[in-house]
Amino acid sequence: MKRILLIVAFAIIVVGGFAAYNIFGPTVKAPKGKYFYIHTGSNYDLVVNNLIKQNIIPRSTWFNIVSRQLLKYNNIKPGKYEIKKGMSIFNLVRMLRNGRQTPVNFVIVKYRTKEDFARRVEKDFETDSTAMMAFLNNEDSLHNYGLDSNTWMTAIIPNTYSYKWNSTPTVIFSKLYGESKKFWTDERLQKAQALGLTPRQVYILASIVEEETSLKSDKGKIASVYINRIKKGMPLQADPTVKFAMKDFGLKRIWYKHLDYPSPYNTYTNAGLPPGPICTPSVETIDEVLNSPQTDYYYFVANSDFSGSHIFTSSYEEHKKYAKLFAEAQNKQDSIRRAKQNSNP
């Protein structure tokens, strides 16, 4: 009898140890790509099948046993989950039950169009570019933020933002809008007012400056040229707005034939600022606009040495002289490029 009891006890220990290992032991494998995604609307069976399909768990047995106690089968939370090699089934189920997602670090740099932004959203989130585009083109949705399909970009300050992977377009945009409101501190608002501009106008102007130069020392002076033109009622005649209007961002040179391109964004044919930004300007550029010096400049042109710097002038006659030098330098550069192309067919 004692021997039987010992055998039974041993069997219980073995079975218990086996169960404990499968539940609490390092039996979970990391998926390819590090993360496991549960899409919105996924049911329990689909989640389990995907766990097996991706070789995260070998079979459903132990996952189901633990799930009955912790997950209750209907408590599947969609999201992006980092599953580490050697994790236990118990910790895996608990993570999915509690919805402990890995946050998405949404990095916003320079975007020029809705399409660019929507494609980036699709890359980082569950939602696709079509849904994001639909949101950005929906005037009713944007009206809730005091924006429209032209000015929506003014709510986006380049930075890194933390989200849940399954965030909807509304959630994504609402957070960006909220952060943009924080960006416009009392100090920045006062500087905008001193320039005679609204924050939205500062942003639009900064987007043009952003496309004009990457040289920090020139950004404020370029902004001063455009501010002086606005005050005097002169057209901005900003080449980057023509590129934006044409949606030809690879255009190396603006010719006279481009200047009358029909678009409200073309600042050669329309007075004042365009109806919306032509890109998402950096924080540095926005601040350079806000801190732009008072000048008597009305013109600027790129330096003919192609250093990236600009020459600023107050008179049109003086401007024409430097513009001619730059055009001649461009023509020479184009000739050299064509000669190289012809010699290497």
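Kindly list, by first and then second residue, each pair from a residue in the range 20-42 that is free of Cβ contacts under 8 Å to residues at least 12 places away in the same chain to a residue that is in a loop (DSSP other than H, G, I, E, B), limited to pairs with Cβ atoms under 8 Å and residues at least 6 apart or on different chains.
Listed pairs, sorted by first residue: Tyr21/Thr27.
In this structure, does Asp260 turn out to be assigned to a loop (DSSP other than H, G, I, E, B) and either among the charged types (D, E, K, R) or buried (at least 20 other Cβ atoms within 10 Å of the Cβ) (or both)?
Taking the combined requirement at face value, the residue satisfies it.
Quick one: would you say Thr313 is in contact with a His (Cβ under 9 Å, 6 or more places away or on another chain), closer than 19 Å to Gly220 by Cβ and either of a type in the set (Val, Ile, Thr) or in contact (Cβ under 8 Å) with a residue 40 or more places away in the chain (or both)?
yes
Return the pair list, or none, for Cβ contacts closer than 8 Å from residues in the range 231-256 that are touching a residue at least 40 places away in the same chain (Cβ under 8 Å) to residues that are open to solvent by 40 Å² or more (accessible area, probe 1.4 Å), at least 6 apart or on different chains.
Lys232/Tyr298; Met234/Tyr298; Phe244/Arg112; Phe244/Glu211; Phe249/Arg112; Phe249/Lys243
Okay, residues lined up against (1) in a loop (DSSP other than H, G, I, E, B); (2) over 29 Å from the mean Cα position of the chain (by Cα):
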site: Met234; (1), (2): yes, yes
site: Val242; (1), (2): no, no
site: Asp248; (1), (2): yes, no
site: Arg253; (1), (2): yes, no
site: Tyr265; (1), (2): yes, no
site: Cys279; (1), (2): yes, no
site: Glu284; (1), (2): no, no
site: Glu328; (1), (2): no, yes
site: Arg337; (1), (2): no, yes
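Test of understanding: among Tyr299, Tyr268, which residue is touching a His at 6+ places or on another chain (Cβ under 6 Å), open to solvent by 30 Å² or more (accessible area, probe 1.4 Å) and under 30 Å from Arg188 (Cα atoms)?
Result: Tyr299 is the single residue among Tyr299, Tyr268 that is touching a His at 6+ places or on another chain (Cβ under 6 Å), open to solvent by 30 Å² or more (accessible area, probe 1.4 Å) and under 30 Å from Arg188 (Cα atoms).
Can you find a residue that is in contact with a Phe, Trp or Tyr (Cβ under 7 Å, 6 or more places away or on another chain) and open to solvent by less than 50 Å² (accessible area, probe 1.4 Å) anywhere in the range 209-216?
So far as the range 209-216 goes, no, none of its residues is in contact with a Phe, Trp or Tyr (Cβ under 7 Å, 6 or more places away or on another chain) and open to solvent by less than 50 Å² (accessible area, probe 1.4 Å).
Residue check, Asn144 against (1) at pLDDT below 95; (2) in contact with a helix residue (DSSP H, G or I) (Cβ under 8 Å, 6 or more places away or on another chain); (3) not charged (D, E, K, R), all met but one. Which one?
(2)
I'd like the residue in the range 55-78 that is open to solvent by 40 Å² or more (accessible area, probe 1.4 Å) and within 24 Å of Ser167 (Cα to Cα) and, out of all such residues, is modelled with the lowest pLDDT.
Across the range 55-78, the extreme among qualifying residues is Tyr73.
If the requirement is being open to solvent by 50 Å² or more (accessible area, probe 1.4 Å), at pLDDT 90 or above and touching a strand residue (DSSP E or B) at 6+ places or on another chain (Cβ under 7 Å), which of these qualifies: Tyr37, Tyr81?
Tyr37
Between Lys321, Lys252, Lys332, Lys340, which is open to solvent by 30 Å² or more (accessible area, probe 1.4 Å), at pLDDT 90 or above and of a type in the set (Lys, Arg)?
So the residue among Lys321, Lys252, Lys332, Lys340 that is open to solvent by 30 Å² or more (accessible area, probe 1.4 Å), at pLDDT 90 or above and of a type in the set (Lys, Arg) is Lys321.
The values are calculated or read from the model by the stated rules, or taken from the named source; none is laboratory data. Just so it is clear, the model here is predicted, and its values are computed rather than measured. Here Cβ is always computed from backbone atoms with ideal geometry, including for glycine, and neighbour counts include all displayed protein chains. Note: accessible area is taken over every heavy atom of the protein model, side chains too, but ligands, DNA and RNA are not part of it. Shrake-Rupley method; radii C 1.70, N 1.55, O 1.52, S 1.80 Å.
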